[in-house]
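Here is the structure we will look at, set down as structure tokens.
The values are calculated or read from the model by the stated rules, or taken from the named source; none is laboratory data. As the structure is a prediction and not an experimental result, all values here were calculated from the model. In this analysis, Cβ positions are derived from the backbone assuming ideal geometry, glycine residues included, and neighbour counts consider all displayed protein chains. These area figures cover heavy atoms from the full protein model, side chains too; ligands, DNA and RNA do not enter into them. Shrake-Rupley method; radii C 1.70, N 1.55, O 1.52, S 1.80 Å.
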Amino acid sequence: DQQVKQNSPSLSVQEGRISILNCDYTNSMFDYFLWYKKYPAEGPTFLISISSIKDKNEDGRFTVFLNKSAKHLSLHIVPSQPGDSAVYFCAASGVTQGGSEKLVFGKGTKLTVNP
Amino acid sequence: ETGVTQTPRHLVMGMTNKKSLKCEQHLGHNAMYWYKQSAKKPLELMFVYNFKEQTENNSVPSRFSPECPNSSHLFLHLHTLQPEDSALYLCASSQDNRPFYGYTFGSGTRLTVV
């Protein structure tokens, strides 16, 4: 059962426009949410995060919105740049049965920003 | 270079081979992780080590055997793997096993089992 879902495998956006990447989750016990960015042949890199007690976090061109009642979060990139083209993973932090905190990842959305 | 180094970058092995994946970090982190990324699937947590002690084994088959000799090094020993084990294996580290600090991932080892 997938606890973190990214239903759009790909997204294509024109340079300068807004990119909106969506993520849904099922576990209401998740307390922290993160976005990672992955270029081909590289590992994921941390991009931005948000605590469950907030509904918005902004860092430069990147803003993450959290809607707890809908169990939905989104990443907005504005303005989008060709260098933003990558796979974006949504992740949620929760406690495992072993008592560790762990990240649960979505399948990722491939963003292509066209010049 | 992210601070987490994985070797080898690519590995092709037969089902009867024994091989090891290596991960090294010099970020001063005390938690290390193995993740598996299969095609069209989410990243799957395999093992968690905190201060060299294994704190999580996510129901991983015994043909995968982790080893953490110190907080800077993590190994994944492989033996009698199956073709479906072909995937990208990612190592990550973090401070104090707290995801909100952001894990630092290595570039991964692309494993192909033939």
Report, for the protein assembly as shown, the % of DSSP beta bridges that are antiparallel, rounded to 5. 90 percent
Need one value: the accessible area of A:ARG17 in square angstrom, 1.4 angstrom probe, rounded to the nearest 10. 150 Å²
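In square angstrom, what is the accessible area per residue of chain B with a 1.4 angstrom probe? It would help to have the intermediate numbers written out before the result.
Numbers: 5230 Å² over 114 residues.
Per-residue accessible area for chain B comes out at 46 Å².
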Return the FRET efficiency for the residue pair B:ASN30, A:GLN14: r is the Cβ-Cβ distance, R0 is 35 Å, and the value is rounded to the nearest 0.05. 0.20
Per-residue accessible area for A:GLU15 at 1.4 Å probe radius, Å² rounded to 10? 90 Å²
Those Cys residues of chain B for which no other cysteine Cβ falls under 4.7 Å: B:CYS68
If you stretched the chain out fully between B:ASN57 and B:ASP96, how much longer would it get, using 0.36 nm times the residue separation minus the C-alpha to C-alpha distance? 12.3 nm
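Would you work out the relative contact order for segment B:50-114, in percent, from Cα pairs under 8 angstrom that are 6 or more residues apart?
On the way: 76 pairs, mean separation 18.0, N = 65.
It comes to 28 percent, rounded to a whole number.
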Express the accessible area of segment A:32-115 per residue in Å², computed with a 1.4 Å probe while the remaining protein chains stay in the model. 43 Å²
Accessible-area composition of segment B:5-61, carbon plus sulfur, in percent [1.4 Å probe]: 50 percent
Share of accessible surface on carbon and sulfur in chain A, whole %, 1.4 Å probe and ligands ignored, is 48 percent
Summed buried accessible area for B+A [probe radius 1.4 Å, Å², rounded to 100]: 1800 Å²
Residue pairs, from the table A:LYS37/B:LYS22; A:LYS102/B:LYS18; A:LYS38/B:LYS40; A:LYS5/A:LYS71, whose Cα atoms sit over 21 Å apart: A:LYS37/B:LYS22; A:LYS102/B:LYS18
Summed side-chain charge close to B:ASP85 - residues other than B:ASP85 whose Cβ falls under 10 Å, Lys, Arg +1, Asp, Glu -1: +1
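Please state, as a whole number in µm²/s, the translational diffusion coefficient that the Stokes-Einstein equation yields for segment A:2-45 at 4 °C and 1.567 mPa s, with Rh defined as the Kirkwood radius across alpha carbon pairs.
This corresponds to a translational diffusion coefficient of 100 µm²/s.
Where does the protein assembly as shown land on Rg(C-alpha)/(2.2 N^0.38 Å)?
Working: Rg = 17.5 Å, N = 229, 2.2 N^0.38 = 17.3 Å.
Scaled against compact globular proteins, the figure is 1.01.
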Separation in nanometres of the label points that stand 7 Å from Cα toward Cβ, at A:LYS68 and A:ILE53: 1.0 nm
To the nearest 10 Å², what's A:THR26's accessible area with a 1.4 Å probe? 70 Å²
When the Cα centres of segment A:18-96 and segment B:41-114 are compared, how far apart do they sit, in Å? 23 Å
